[in-house]
1. Which of the residues spanning the stretch 10-54 are touching a residue at least 40 places away in the same chain (Cβ under 8 Å), surrounded by 17 or more Cβ atoms within 10 Å (Cβ to Cβ), closer than 23 Å to residue 81 by Cβ and touching a Ser or Thr at 6+ places or on another chain (Cβ under 9 Å)?
2. So how many residues does the stretch 29-41 have that are hydroxyl-bearing (Ser, Thr, Tyr) and assigned to a helix (DSSP H, G or I)?
3. Scan the stretch 42-65 for residues that are under 11 Å from residue 25 (Cα atoms), in a helix (DSSP H, G or I) and not basic (Lys, Arg) and jot them down.
4. Which one of the conditions (1) at negative phi; (2) outside any helix (DSSP H, G or I); (3) surrounded by fewer than 16 Cβ atoms within 10 Å (Cβ to Cβ) does residue 73 fail to meet, given that it meets all the rest?
5. Would you confirm whether any residue within the stretch 32-52 is farther than 17 Å from residue 1 by Cα and over 15 Å from the mean Cα position of the chain (by Cα)?
Amino acid sequence: MITASQIRAARALLGIDQKTLAGMAGVSLPTIQRMEASQGNVKGVVDSLTKVVDALNLAGIELIGEGAQSTGGGRGVRLREPARKL
């Protein structure tokens, strides 16, 4: 599953806004806005979610699942639970 944080981070890495991602994925801007407003895993229409993931993959973004290893190489950032609460 993809999280809202992953979508926002992917856009930041690409330097694009929500409207651009919507165009790349062939979904509406409100769809991207709803996905990014989700708490935890993104909920929604599977077809729309697949389109967003595919668009990000084509743009060079590797979405890494919880506990999964990255085999793609290249630079990246991975989110983990903080060592202690701030």
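All of the numbers you see were taken from the coordinates with simple rules; none came from a lab. Since the model is a prediction, treat every value here as computed from it, not as a measurement. Glycine also receives a Cβ, built like all others from the backbone with ideal geometry; neighbour counts cover every protein chain displayed.
1. Correct list: 42 only.
2. Count: 1.
3. Once the filter is applied, which keeps residues that are under 11 Å from residue 25 (Cα atoms), in a helix (DSSP H, G or I) and not basic (Lys, Arg), the stretch 42-65 yields 47, 48, 49, 50, 52, 53, 54, 55, 56, 57, 58.
4. The failed condition is (1).
5. Looking for residues that are farther than 17 Å from residue 1 by Cα and over 15 Å from the mean Cα position of the chain (by Cα), one finds none in the stretch 32-52, hence no.
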